[in-house]
Amino acid sequence: MSKRRFQPSIAALLATLAVMAVCVRLGVWQLDRAAEKRAWQEQVDTRGATPPRTLPDLLARSEPAHYPVRFSGIPDNQHTVLLDNRMLEGVAGYYVLTPVASDAGTTVLVNRGWLARGRDRQTLPTVPPLPTPVTVEGHAYVPGDAFTLETPGNTGQDWPARVQSVDIDALAERLGQPLAPFEVRVAPDYPLETGEQMVRVWHDARLGPERHRAYAVQWFAMACAVCLIFLFASLRRTQATNPMDA
(Lines give C-alpha, C1' and ligand atoms only; values in the text may rest on other atoms or scores of the structure.)
Protein backbone atom coordinates (compact mmCIF):
# COMPACT_ATOMS: atom_id res chain seq x y z
CA MET A 1 0.00 0.00 0.00
CA SER A 2 1.33 3.46 -0.89
CA LYS A 3 0.67 6.87 0.57
CA ARG A 4 1.68 10.40 -0.32
CA ARG A 5 4.35 12.31 1.55
CA PHE A 6 5.21 15.98 1.14
CA GLN A 7 8.78 16.03 -0.17
CA PRO A 8 9.47 19.41 -1.83
CA SER A 9 12.54 20.03 -3.90
CA ILE A 10 14.62 22.97 -2.75
CA ALA A 11 15.15 24.10 -6.35
CA ALA A 12 11.42 23.82 -7.12
CA LEU A 13 10.59 25.71 -3.93
CA LEU A 14 12.92 28.59 -4.80
CA ALA A 15 11.62 28.74 -8.38
CA THR A 16 8.01 28.74 -7.16
CA LEU A 17 8.66 31.52 -4.67
CA ALA A 18 10.35 33.59 -7.36
CA VAL A 19 7.46 33.20 -9.80
CA MET A 20 4.89 33.92 -7.09
CA ALA A 21 6.79 37.05 -6.05
CA VAL A 22 6.77 38.33 -9.63
CA CYS A 23 3.04 37.63 -10.04
CA VAL A 24 2.16 39.31 -6.75
CA ARG A 25 4.34 42.32 -7.60
CA LEU A 26 2.62 42.70 -10.97
CA GLY A 27 -0.78 42.39 -9.32
CA VAL A 28 0.06 45.13 -6.81
CA TRP A 29 1.37 47.30 -9.66
CA GLN A 30 -1.93 46.89 -11.51
CA LEU A 31 -3.83 47.91 -8.36
CA ASP A 32 -1.63 51.01 -8.10
CA ARG A 33 -2.37 51.83 -11.75
CA ALA A 34 -6.10 51.40 -11.08
CA ALA A 35 -5.87 53.87 -8.19
CA GLU A 36 -4.01 56.35 -10.42
CA LYS A 37 -6.60 56.05 -13.17
CA ARG A 38 -9.43 56.43 -10.67
CA ALA A 39 -7.85 59.62 -9.28
CA TRP A 40 -7.27 60.86 -12.84
CA GLN A 41 -10.91 60.25 -13.78
CA GLU A 42 -12.13 62.03 -10.66
CA GLN A 43 -9.95 65.02 -11.56
CA VAL A 44 -11.28 65.05 -15.13
CA ASP A 45 -14.90 64.89 -13.93
CA THR A 46 -14.41 67.54 -11.22
CA ARG A 47 -12.59 70.04 -13.41
CA GLY A 48 -14.79 69.35 -16.41
CA ALA A 49 -17.89 70.33 -14.41
CA THR A 50 -16.60 73.85 -13.75
CA PRO A 51 -17.51 76.88 -15.94
CA PRO A 52 -15.18 77.69 -18.87
CA ARG A 53 -12.03 79.53 -17.82
CA THR A 54 -10.15 82.29 -19.56
CA LEU A 55 -6.71 81.72 -21.05
CA PRO A 56 -4.99 84.01 -18.50
CA ASP A 57 -6.60 81.95 -15.72
CA LEU A 58 -5.29 78.66 -17.16
CA LEU A 59 -1.83 80.11 -17.88
CA ALA A 60 -1.56 81.13 -14.23
CA ARG A 61 -2.23 77.57 -13.05
CA SER A 62 0.53 75.04 -12.49
CA GLU A 63 -1.85 72.22 -13.55
CA PRO A 64 -4.23 73.53 -16.23
CA ALA A 65 -5.15 70.12 -17.68
CA HIS A 66 -8.85 69.20 -18.11
CA TYR A 67 -10.24 72.64 -17.26
CA PRO A 68 -12.86 73.96 -19.71
CA VAL A 69 -11.74 77.07 -21.59
CA ARG A 70 -13.23 79.56 -24.02
CA PHE A 71 -11.33 82.20 -25.99
CA SER A 72 -11.26 84.03 -29.31
CA GLY A 73 -8.40 84.78 -31.69
CA ILE A 74 -6.93 84.72 -35.17
CA PRO A 75 -6.07 81.26 -36.57
CA ASP A 76 -2.82 80.61 -38.42
CA ASN A 77 -4.23 78.36 -41.13
CA GLN A 78 -0.89 78.26 -42.95
CA HIS A 79 0.89 76.38 -40.15
CA THR A 80 -1.40 73.49 -39.25
CA VAL A 81 0.05 70.39 -37.57
CA LEU A 82 -1.11 66.83 -38.37
CA LEU A 83 -0.73 64.41 -35.48
CA ASP A 84 -0.11 61.09 -37.22
CA ASN A 85 -1.21 57.50 -36.50
CA ARG A 86 -4.52 58.26 -34.82
CA MET A 87 -7.05 55.47 -35.33
CA LEU A 88 -10.82 55.88 -35.25
CA GLU A 89 -13.00 52.78 -35.64
CA GLY A 90 -10.16 51.00 -37.43
CA VAL A 91 -9.47 53.86 -39.87
CA ALA A 92 -6.09 55.63 -39.90
CA GLY A 93 -6.07 59.39 -39.68
CA TYR A 94 -4.69 62.52 -38.08
CA TYR A 95 -5.55 64.90 -35.29
CA VAL A 96 -5.55 68.41 -36.77
CA LEU A 97 -3.96 71.16 -34.66
CA THR A 98 -4.05 74.79 -35.77
CA PRO A 99 -2.27 77.63 -33.92
CA VAL A 100 -4.61 80.42 -32.83
CA ALA A 101 -3.28 83.81 -31.71
CA SER A 102 -5.66 84.58 -28.87
CA ASP A 103 -6.98 87.97 -27.87
CA ALA A 104 -5.10 87.46 -24.59
CA GLY A 105 -1.81 87.65 -26.50
CA THR A 106 -0.89 83.96 -26.27
CA THR A 107 -0.82 81.56 -29.21
CA VAL A 108 -2.53 78.23 -28.49
CA LEU A 109 -2.52 74.96 -30.40
CA VAL A 110 -6.17 74.09 -31.03
CA ASN A 111 -6.86 70.40 -31.59
CA ARG A 112 -9.79 70.50 -33.98
CA GLY A 113 -10.42 66.74 -34.13
CA TRP A 114 -9.83 63.74 -36.37
CA LEU A 115 -9.40 63.72 -40.14
CA ALA A 116 -9.10 60.56 -42.27
CA ARG A 117 -5.67 59.94 -43.81
CA GLY A 118 -6.72 58.55 -47.18
CA ARG A 119 -5.24 55.71 -49.21
CA ASP A 120 -1.96 57.39 -50.18
CA ARG A 121 0.15 58.16 -47.13
CA GLN A 122 2.44 60.40 -49.16
CA THR A 123 -0.45 62.75 -49.98
CA LEU A 124 -1.54 64.84 -47.03
CA PRO A 125 -5.27 65.58 -46.67
CA THR A 126 -6.70 68.99 -47.46
CA VAL A 127 -7.38 70.76 -44.17
CA PRO A 128 -10.30 73.21 -44.25
CA PRO A 129 -9.29 76.63 -42.86
CA LEU A 130 -10.75 78.03 -39.68
CA PRO A 131 -12.83 81.19 -39.95
CA THR A 132 -11.19 84.49 -38.99
CA PRO A 133 -11.66 85.47 -36.25
CA VAL A 134 -12.62 82.27 -34.45
CA THR A 135 -14.02 81.48 -31.01
CA VAL A 136 -12.83 78.21 -29.47
CA GLU A 137 -14.49 76.23 -26.70
CA GLY A 138 -13.00 73.03 -25.29
CA HIS A 139 -10.71 71.77 -22.54
CA ALA A 140 -7.00 72.08 -21.86
CA TYR A 141 -4.89 69.00 -22.47
CA VAL A 142 -1.22 68.68 -21.57
CA PRO A 143 0.60 66.30 -23.96
CA GLY A 144 2.68 63.71 -22.16
CA ASP A 145 4.62 62.01 -24.98
CA ALA A 146 7.97 63.03 -26.36
CA PHE A 147 8.33 63.00 -30.12
CA THR A 148 10.60 63.63 -33.06
CA LEU A 149 9.25 66.66 -34.88
CA GLU A 150 10.43 65.81 -38.37
CA THR A 151 9.20 62.60 -39.94
CA PRO A 152 10.23 60.97 -43.25
CA GLY A 153 8.57 62.67 -46.19
CA ASN A 154 7.77 65.84 -44.22
CA THR A 155 10.97 67.56 -43.19
CA GLY A 156 12.26 71.10 -43.44
CA GLN A 157 9.67 73.87 -43.47
CA ASP A 158 6.83 72.05 -45.25
CA TRP A 159 3.32 72.68 -43.95
CA PRO A 160 1.12 71.17 -42.80
CA ALA A 161 3.69 69.51 -40.54
CA ARG A 162 3.20 65.79 -39.90
CA VAL A 163 4.38 64.67 -36.44
CA GLN A 164 4.10 61.54 -34.33
CA SER A 165 3.14 63.23 -31.05
CA VAL A 166 3.00 66.75 -29.69
CA ASP A 167 5.96 68.53 -28.13
CA ILE A 168 4.98 72.12 -27.32
CA ASP A 169 8.57 73.43 -27.09
CA ALA A 170 9.66 71.86 -30.38
CA LEU A 171 6.63 73.21 -32.21
CA ALA A 172 7.14 76.66 -30.70
CA GLU A 173 10.71 76.64 -32.00
CA ARG A 174 9.57 75.61 -35.47
CA LEU A 175 6.83 78.24 -35.53
CA GLY A 176 9.23 80.88 -34.24
CA GLN A 177 6.93 82.01 -31.41
CA PRO A 178 6.03 80.91 -27.87
CA LEU A 179 3.01 78.67 -27.33
CA ALA A 180 0.75 78.00 -24.36
CA PRO A 181 2.03 74.92 -22.45
CA PHE A 182 -1.09 72.97 -23.37
CA GLU A 183 -3.31 72.30 -26.36
CA VAL A 184 -7.04 72.98 -26.37
CA ARG A 185 -9.18 70.08 -27.51
CA VAL A 186 -12.40 71.41 -29.00
CA ALA A 187 -15.62 70.25 -27.37
CA PRO A 188 -17.22 67.41 -29.38
CA ASP A 189 -20.48 69.25 -30.10
CA TYR A 190 -18.99 72.72 -30.59
CA PRO A 191 -19.47 74.16 -34.13
CA LEU A 192 -15.92 75.28 -34.94
CA GLU A 193 -15.57 74.90 -38.71
CA THR A 194 -17.86 76.67 -41.15
CA GLY A 195 -18.61 73.44 -43.04
CA GLU A 196 -18.61 69.79 -41.97
CA GLN A 197 -17.34 69.37 -38.45
CA MET A 198 -14.35 67.16 -37.72
CA VAL A 199 -14.87 64.05 -35.59
CA ARG A 200 -13.93 64.66 -31.95
CA VAL A 201 -13.65 61.56 -29.78
CA TRP A 202 -11.12 62.26 -27.08
CA HIS A 203 -9.53 59.19 -25.43
CA ASP A 204 -7.30 60.65 -22.74
CA ALA A 205 -7.01 57.33 -20.88
CA ARG A 206 -6.58 54.19 -22.93
CA LEU A 207 -7.24 51.82 -20.04
CA GLY A 208 -9.79 52.40 -17.29
CA PRO A 209 -9.38 51.41 -13.61
CA GLU A 210 -11.69 48.41 -14.05
CA ARG A 211 -9.36 46.81 -16.58
CA HIS A 212 -6.37 47.30 -14.29
CA ARG A 213 -8.22 45.67 -11.40
CA ALA A 214 -9.13 42.74 -13.66
CA TYR A 215 -5.48 42.32 -14.62
CA ALA A 216 -4.52 42.41 -10.94
CA VAL A 217 -6.96 39.58 -10.17
CA GLN A 218 -5.42 37.56 -13.01
CA TRP A 219 -1.90 38.00 -11.64
CA PHE A 220 -2.96 37.04 -8.10
CA ALA A 221 -4.81 34.00 -9.47
CA MET A 222 -1.69 32.99 -11.36
CA ALA A 223 0.34 33.21 -8.15
CA CYS A 224 -2.17 30.92 -6.41
CA ALA A 225 -2.11 28.49 -9.33
CA VAL A 226 1.69 28.28 -9.24
CA CYS A 227 1.55 27.60 -5.50
CA LEU A 228 -1.01 24.80 -5.95
CA ILE A 229 1.00 23.21 -8.75
CA PHE A 230 4.08 23.22 -6.53
CA LEU A 231 2.22 21.64 -3.62
CA PHE A 232 0.71 18.93 -5.80
CA ALA A 233 4.03 18.17 -7.50
CA SER A 234 5.74 17.90 -4.10
CA LEU A 235 3.47 15.09 -2.92
CA ARG A 236 5.46 11.92 -3.60
CA ARG A 237 4.09 8.37 -3.50
CA THR A 238 5.90 6.20 -0.96
CA GLN A 239 5.52 2.49 -0.19
CA ALA A 240 4.07 1.85 3.24
CA THR A 241 5.66 -0.91 5.40
CA ASN A 242 3.50 -4.03 5.86
CA PRO A 243 3.59 -5.27 9.52
CA MET A 244 3.35 -8.93 8.33
CA ASP A 245 6.64 -8.48 6.47
CA ALA A 246 8.49 -7.36 9.58
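The values are calculated or read from the model by the stated rules, or taken from the named source; none is laboratory data. Note that the structure is predicted; figures quoted are calculated from it, not measured. FYI the Cβ positions are ideal-geometry reconstructions off the backbone, even for glycines, and counts take in every protein chain you see. To get the accessible areas, we keep the full protein, side chains included, count just its heavy atoms, and leave off ligands, DNA and RNA. Shrake-Rupley method; radii C 1.70, N 1.55, O 1.52, S 1.80 Å.
In terms of its Cα atoms, segment 1-147 spans 93, 42, 23 Å along the principal axes, sorted from long to short.
The longest part of the chain holding none of the exposed loop GluC sites (Glu not before Pro), meaning those outside H, G, I, E and B in DSSP with at most 12 other Cβ atoms within 10 Å, is 90-195. Counting only protein heavy atoms and a 1.4 Å probe, the chain has 58 square angstrom of accessible area per residue. Applying 0.36 nm per residue to the separation of ARG119 and ALA221 and subtracting their alpha-carbon distance, the gain on full extension is 32.2 nm.
Taking only alpha carbon atoms, the chain gives an Rg to Rh ratio of 1.28, where Rh is the Kirkwood radius. Across the accessible surface of the chain, with the other protein chains kept in place and a 1.4 Å probe, carbon and sulfur atoms take up 57 percent. Legend: helices of the chain (whole DSSP H runs) are marked when their alpha-carbon atoms reach 15 angstrom or more along the helix axis and their mean Kyte-Doolittle hydropathy is at least 0.5; marked are 209-233.
Spin-label model, ALA170/ARG61: points 7 Å from Cα along the beta carbon direction are separated by 2.7 nm.
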